[in-house]
Amino acid sequence: MIQNSDFDQIRPYTDAEVHHVIEGLCKEPYFIRMIPALIPGVPVDNVVAKLKTINSKEEFQVAFVIPFLNGLIKNSTAGVTMSGLENIEKDGSYLFITNHRDIILDSAFLNVKLHENGFKTTEIGIGDNLLIYPWIKKLVRINTLRMILKLYL
């Protein structure tokens, strides 16, 4: 049997851990430098203040991730559509497999559409080779779309 502690380094943070991790991120200089690029036009101090009010993964998604992805959809695509939701249940468990066209963006857009339709978002598995800085690993594990850091095949 696998113990939870066997995967502590790669598992998503729990809601109970989120606020503490965000507090640490808000002290990370490289993370602070990225805020204007990720959330243009909003003073960094305002973003940090809002971040410090976050206490769960879902709050983080709703306040930051979903708006960011909706901006990408609006400014970078001709639109994103979804079909087939009538074939799944809101309280069901499913495995979605992408064609690896994009390492994370397709899965992130799937989460936007799931959220819009009242479904829980998915956990997205990505290789930790993409997470080159410790603050990025923390950000991902906060649940920037309920991600996990590494796939063990």
Check your understanding: V140 fails exactly one of the following numbered conditions: (1) touching a residue at least 12 places away in the same chain (Cβ under 8 Å); (2) open to solvent by 50 Å² or more (accessible area, probe 1.4 Å). What is the number of that condition?
Key -> (2)
Point to revise | Residue satisfying all of: in region 63-92; aliphatic (A, V, I, L, M) and closer than 17 Å to V21 by Cβ; most open to solvent (accessible area, probe 1.4 Å) among these | key: A63
Review point. Do we have any residue at all in region 3-21 that's open to solvent by 80 Å² or more (accessible area, probe 1.4 Å), closer than 20 Å to T122 by Cβ and assigned to a loop (DSSP other than H, G, I, E, B)?
Key: no
Revision key, fill the gap. Among residues of region 104-130 being within 13 Å of the chain's Cα centre (by Cα) and in a loop (DSSP other than H, G, I, E, B), the residue nearest to I73 (Cα to Cα) is I104
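Table: residues versus (1) in a helix (DSSP H, G or I); (2) under 26 Å from P12 (Cβ atoms); (3) in contact (Cβ under 8 Å) with a residue 60 or more places away in the chain; (4) more than 15 Å from the chain's Cα centre (by Cα).
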| residue | (1), (2), (3), (4) |
| --- | --- |
| N46 | yes, no, no, yes |
| Q61 | yes, yes, yes, no |
| N75 | yes, no, no, yes |
| S83 | no, no, no, yes |
| E89 | no, yes, no, yes |
Point to revise | Qualifying positions in region 48-62 - of a type in the set (S, T, Y) and open to solvent by 30 Å² or more (accessible area, probe 1.4 Å) | key: T53
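The values are calculated or read from the model by the stated rules, or taken from the named source; none is laboratory data. The structure displayed is predicted, hence computed values, not measured ones. For neighbour counting, all protein chains shown are included, and Cβ atoms are generated from backbone atoms with ideal geometry for every residue, glycine included. These accessible areas exclude ligands, DNA and RNA; they are computed on the full protein's heavy atoms, side chains included. Shrake-Rupley method; radii C 1.70, N 1.55, O 1.52, S 1.80 Å.
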